[in-house]
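Working notes, structure below.
The values are calculated or read from the model by the stated rules, or taken from the named source; none is laboratory data. The model shown is predicted, which means the values in this text are computed figures rather than measured ones. Cβ: placed from backbone, ideal geometry, glycine included. Neighbour counts: every protein chain shown. Note: accessible area is taken over every heavy atom of the protein model, side chains too, but ligands, DNA and RNA are not part of it. Shrake-Rupley method; radii C 1.70, N 1.55, O 1.52, S 1.80 Å.
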Amino acid sequence: MSSPRVRFAPSPTGFLHVGGARTALFNWLYARRTGGTMVLRIEDTDRERSTDAHTQVILDGMTWLGLTWDEGPFFQGENAERHGADAEQLLASGAAYRDYTTPEELTAARERVTRTGATFRYRRAEMELPADEQARREEAGRPHAIRFAIPDEEIAWEDAVHGTISWQGRDLDDFIILRSDGSAIYNLAVVSDDIAMEITHVIRGDDHISNTPKQVALYRALGHTPPVFAHVPMILGTDGKKLSKRHGATAVGDYQDLGILPAAMRNFLALLGWSPGNDDEVLPEAEMIARFTLEAIHAKPAVFDTTKLEWMNGQYLSMLAADELLPPVERELLRMGVTAPGRDIRPLIDAVKARSRTIGQVAEQVAVRLDGTRVVRDDKGVALERKMGERFGSSIALAHAALSGVADADWNAPRIEIVLRDVAEQAALKLGDLMQPVRVALTGGTVSEPVPELLAVVGRESSLARLGLHAGH
Ligand code: GLU
């Protein structure tokens, strides 16, 4: 069997939303897993709502997530001629017909049927005009749509996610495939393109399940075997409702701005409707690819939990080297107006990354370490000073005096630790009663990397200045 060909086929009518990104990711994972080909097709046939700007945002989002495509981007609008030719073929074989009914006639027919309590289905036989009237309209070259005559038979497919899905042709309309202006409707355009691009697996959201029987029927009528369909579950918010703006950010770009790492976002998205078969959650790229199968995609809806995304981001922050975190942290620092010319901030990133969940939090902590004027006493810092009373200032004074004796060349965490331990011992202080006030003086808060490391990354001059502000108070 030749290798799989999958496609991601977004409509450029909005941003790249998490649902679309997840669909793109599953296609990408499948292509990479099977050595297949990932095609990117921009479905820009809705001319009023499609924009180049949206197309660019979609491409940027995929690039940010590392979802590389092998062919394209192709633009569906450029295939209009082939769509028309396929419609002609369906007309020629009798699988489709020209529909000359006017909107008024259609409304009247619909009302006639619904008045009896039945459901209206567009059927050739029921809508047929008297033969002479049909001929008259044809001759007059009246504008008309082309409809597909849905066969009265079972239309079923073996969905890779849901198992057998079966529809009856009689429950479907004779649907329009070509509008009166000659442009193709989604179902025809998609099938025509998927055939031409030799797509073997269609992996997309399960909101498309009701389109699939129509597409399967089109494949058959065009003389082609339908591809494998895999309909991935929809994404809900933690309240069980369909994910929407109400739940917060839904565009991939927003998460980039919020300081989420692409690798963490990708890992998080992969677990929306898929799992590797056990409880493993942190799955770096190679492992995710190696373990991905369509069969393991869940049929039931997935839940988008922002807390979990932040947790995942924290996992990747701890895992990634400072080198990899440097560009997004620098970008964030720039945004905050913090510059450190000539300073290597990688040791600072290493010092704080394990206690961060977002790039923003990394940048905040780096900024505080770079610039003493950014130290703001938080509630816990205030509470500690209140609790320790005079001992707060005297501890800092002791540390300040002892550390002043450490030369710049010796200013490193192991050396600093020895000095502070000695001070604590001599003054008969619990180590924590010495370290915590120092931590508060340096950062404003009570949580950080170990204090000797903190003093080392802040540097001698700035550390002593920060301690000096409190010593003796
Ligand atoms: N343009 C369609 C969408 O964005 C593609 C659906 C499909 O994958 O067939 O929903």
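Yes or no, residue by residue, for (1) at pLDDT 95 or above; (2) surrounded by fewer than 22 Cβ atoms within 10 Å (Cβ to Cβ):
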{"residue": "Thr164", "(1), (2)": "yes, yes"}
{"residue": "Trp167", "(1), (2)": "yes, yes"}
{"residue": "Asp171", "(1), (2)": "no, yes"}
{"residue": "Phe175", "(1), (2)": "yes, yes"}
{"residue": "Leu178", "(1), (2)": "yes, no"}
{"residue": "Ala184", "(1), (2)": "yes, no"}
{"residue": "Asn187", "(1), (2)": "yes, yes"}
{"residue": "Ser192", "(1), (2)": "yes, no"}
{"residue": "Met197", "(1), (2)": "yes, yes"}
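Any idea which of (1) within 10 Å of the ligand (Cβ to nearest atom); (2) open to solvent by 10 Å² or more (accessible area, probe 1.4 Å) is the one Arg5 doesn't satisfy?
Result: Arg5 fails condition (1) only.
Would you pick out the residues in segment 88-124 that are of a type in the set (Gly, Ala, Ser), over 30 Å from Pro12 (Cβ atoms) and surrounded by 15 or more Cβ atoms within 10 Å (Cβ to Cβ)?
Those that are of a type in the set (Gly, Ala, Ser), over 30 Å from Pro12 (Cβ atoms) and surrounded by 15 or more Cβ atoms within 10 Å (Cβ to Cβ): Ala95, Ala109.
Of all residues in segment 8-18, how many are within 9 Å of the ligand (Cβ to nearest atom) and in contact (Cβ under 8 Å) with a residue 60 or more places away in the chain?
2
Quick grid of which residues meet (1) over 34 Å from the mean Cα position of the chain (by Cα); (2) of a type in the set (D, E, K, R); (3) exposed (fewer than 14 other Cβ atoms within 10 Å of the Cβ):
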| site | (1), (2), (3) |
| --- | --- |
| Asp323 | no, yes, yes |
| Ala340 | no, no, no |
| Asp350 | no, yes, no |
| Leu370 | no, no, no |
| Arg386 | yes, yes, yes |
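Determine the pairs where a residue that is more than 15 Å from His470 (Cβ to Cβ), located within segment 370-385, has a partner that is in a helix (DSSP H, G or I) with Cβ atoms under 6 Å apart, the partner being 6 or more residues away or on another chain.
Taking only residues 6 or more apart or on different chains, the pairs are Arg374/Ala367; Arg374/Val368.
For segment 65-87, which positions are touching a Leu at 6+ places or on another chain (Cβ under 9 Å) and open to solvent by 40 Å² or more (accessible area, probe 1.4 Å)? Steps first, please.
Start the filter on segment 65-87 by keeping residues that are touching a Leu at 6+ places or on another chain (Cβ under 9 Å), which leaves 65, 67, 69-74, 83-84, 86-87.
Those that are touching a Leu at 6+ places or on another chain (Cβ under 9 Å) and open to solvent by 40 Å² or more (accessible area, probe 1.4 Å): Trp69, Asp70, Glu71, Pro73, Phe74.
Quick one: which of Lys430, Lys380 is charged (D, E, K, R) and either surrounded by 13 or more Cβ atoms within 10 Å (Cβ to Cβ) or in contact with a Ser or Thr (Cβ under 7 Å, 6 or more places away or on another chain) (or both)?
Lys380
Within segment 62-96, how many residues turn out to be free of Cβ contacts under 8 Å to residues at least 60 places away in the same chain and within 18 Å of Glu138 (Cα to Cα)?
4
Can you tell me which residue in segment 212-243 is farthest from the ligand (Cβ to nearest atom), limited to those that are open to solvent by less than 40 Å² (accessible area, probe 1.4 Å) and not hydrophobic (A, V, I, L, M, F, W, C)? Walk me through it before giving the result.
Initially, segment 212-243 is screened for residues open to solvent by less than 40 Å² (accessible area, probe 1.4 Å), giving 212-213, 215-219, 221-222, 227, 229-233, 235-237, 243.
So of that shortlist, the ones also not hydrophobic (A, V, I, L, M, F, W, C) come out as 212-213, 215, 219, 227, 231, 233, 237.
Values: Thr212: 9, Pro213: 13, Gln215: 8, Tyr219: 13, Pro227: 11, His231: 10, Pro233: 15, Gly237: 20 Å.
By that ranking, first place goes to Gly237.
Looking only at segment 19-28, which residues are more than 8 Å from the ligand (Cβ to nearest atom) and either of a type in the set (Ser, Thr, Tyr) or over 17 Å from Met288 (Cβ atoms) (or both)?
Gly19
Take Arg204 and decide whether it is under 24 Å from the mean Cα position of the chain (by Cα), without any contact (Cβ under 8 Å) to a residue 24 or more places away in the chain and under 30 Å from Ser275 (Cα atoms).
Judged against the criteria, Arg204 is not a match.
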